[in-house]
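The block underneath contains the structure these notes are about, expressed in structure tokens.
Since every read-out is calculated from the coordinates, none of them should be taken as a lab result. Just so you know, these numbers come straight off a predicted model, no measurement behind them. Cβ: placed from backbone, ideal geometry, glycine included. Neighbour counts: every protein chain shown.
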Amino acid sequence: MDILRLILAIFLPPLGVFLQVGLKPQFWLNVLLTLLGYVPGIIHAVWIILKR
């Protein structure tokens, strides 16, 4: 399942984070980072997925 989340994190970073943590503050931070710049959103999403 982590492989699927990582693939989703590359294409839609908030979706990958949502599948990992739900609607917690990490998700909203990722939405903000993705809106500010796509690459920071990807980095944060991959970090959240690999951390757990």
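Computed values, structure above
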{"quantity": "Residue among Leu15, Leu19, Leu50, Leu33 that is in contact with a Lys or Arg (Cβ under 8 Å, 6 or more places away or on another chain) and not hydroxyl-bearing (Ser, Thr, Tyr)", "calculated": "Leu19"}
{"quantity": "Scope the stretch 18-52; condition more than 10 Å from the chain's Cα centre (by Cα) and among the hydrophobic types (A, V, I, L, M, F, W, C); matching residues", "calculated": "Leu23, Leu32, Leu35, Leu36, Val39, Leu50"}
